[in-house]
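> Once you've had a glance at the structure underneath, I'll fire off some questions.
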Amino acid sequence: MHIMEGMLPWEWAIFWWAITAIILIVGIYQLNKIVRKDREVLPLLAVSGAFIFVLSSLKIPSAVSMSSSHPTGTGLSSFTFGPAITSVLAAIVLLFQAVLLAHGGLTTLGANCFSMGFFGPLLAWGLYRILKKTKLNIYVTVFLVVFIADLSTYVMTALQLSLAYGMDNFIPFLEIFAVTQIPLAIIEGLIIMVAFKYIAKLKGDFFLKTKTISEEQLAKINA
């Protein structure tokens, strides 16, 4: 997913940086607000950030020479803290990876953060808010949300590359990404689903504080 350094024309690099900068400002504000309100959410924030770092560092070369495939790890943060805060966590991870791991780049950081840290999480957060009101099993809900967060990130990456190099490349980019990304999205969904179950059973009040689940849902999980 990480678009490599220098692979976006400067006008598109600036465009994505400008949009992402606004999102990050909002995210930092929300992050400060939630931490000031209840510092007990810090461990969950740390775990969410760790998932983003570890899973998104599993770089798998893609047939598209200017990018790569990997899990995103943003699912847990997406439905727990929302897309703005997730974008802040993702930005920190992406900056570290660009500087120390040569994974992504600084000029493309805005584009990468928008796709992985905001767009995917935004769709996932919206889907979670819809599905949590239904009778769908909470674990199935988590799986679907994480799956969407992962897959939609690559849809946006394909769009970003296509805007820069021609929209006739959009479908070919999607087709190439799909080969590796659909299986990865399924695996990531299962991993986060198990992690969610473990955290909910061990420290379910974390999710209650962020209004991720209701007391009734937590009772069913611990039953």
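> Taking the Cα atoms only, what angle lies between the long axis of helix 42-56 and the longest principal axis of the chain, rounded to 10 degrees?
40
> Continuing with the same structure: According to a simple spin-label model (label point 7 Å from Cα along Cα-to-Cβ), what is the distance in nm between K59 and I22?
Result: 3.1 nm between the two label points.
> Using the scaling law 2.2 N^0.38 Å as the reference, what is the normalised Cα Rg of the range 136-223?
Values: Rg = 17.2 Å, N = 88, 2.2 N^0.38 = 12.1 Å.
For the range 136-223, the normalised Cα radius of gyration is 1.42.
> First measure r as the distance between the Cβ atoms of K220 and V194, then evaluate 1/(1 + (r/R0)^6) with R0 = 22 Å and state the FRET efficiency to the nearest 0.05.
Computed FRET efficiency for K220 and V194 comes out at 0.85.
> Quick one: angle between helix 138-165 and the longest Cα principal axis of the chain, in degrees between 0 and 90, rounded to 10, please.
20
> Moving to a separate point now. Assuming R0 = 22 Å, what is the FRET efficiency of L202 and K133, from their Cβ-Cβ distance, to the nearest 0.05?
Values: r = 26 Å, r/R0 = 1.17.
It comes to 0.30.
> Here is a follow-up. Given R₀ = 22 Å, what would the calculated FRET efficiency be for L42 paired with L95, taking r from the Cβ atoms and rounding to 0.05?
The pair L42/L95 has a calculated efficiency of 0.60.
> Relative to the present Cα-Cα distance, how much length would full extension add between Y165 and N32 at 0.36 nm per residue of separation?
44.0 nm
> Note the direction-averaged projected area, equal to a quarter of the hull surface, for the Cα convex hull of the chain, in nm². List each step's numbers first, then the result.
Numbers: hull surface 46.0 nm².
Across all orientations, the chain yields a mean hull projection of 11.5 nm².
> I would also like to ask the following. Given H placed on each backbone N at 1.01 Å, which residues far from S69 in sequence or on other chains put an amide H within less than 5 Å of it?
Sorted by chain and number, the residues that satisfy this are I60, S62.
> How compact and how long is the range 57-146, expressed as Rg and Dmax of its alpha-carbon atoms in Å?
14.3, 45
> For the chain, calculate the relative contact order in percent as a whole number, restricting contacts to Cα pairs under 8 Å that are 6 or more residues apart.
It rounds to 25 percent for the chain.
> For the range 7-25 and the range 140-206, what is the centre-to-centre distance using only Cα atoms, to the nearest Å?
Each part reduced to its Cα centre gives a spacing of 22 Å.
> Cα axis of helix 170-203 to longest principal axis of the chain: angle in degrees, 0 to 90, nearest 10?
Around 20 degrees separate the two axes.
> If you rank Y165, Y139, Y198 by how much accessible surface each has, with a 1.4 Å probe, what is the order from largest down?
Y198, Y165, Y139
> Taking a 25 Å limit on the Cα-Cα distance, which of the listed pairs K59/K201; K33/K211; K37/K203; K37/K220; K135/K211 fall beyond it?
Violating the 25 Å Cα-Cα cut-off are K59/K201; K37/K220.
The values are calculated or read from the model by the stated rules, or taken from the named source; none is laboratory data. The model shown is predicted, which means the values in this text are computed figures rather than measured ones. All Cβ positions, even for glycine, are placed from backbone atoms using ideal geometry, and neighbour counts span all protein chains on display. Ligands, DNA and RNA are excluded from the accessible area calculation, which covers all protein heavy atoms including side chains. Shrake-Rupley method; radii C 1.70, N 1.55, O 1.52, S 1.80 Å.
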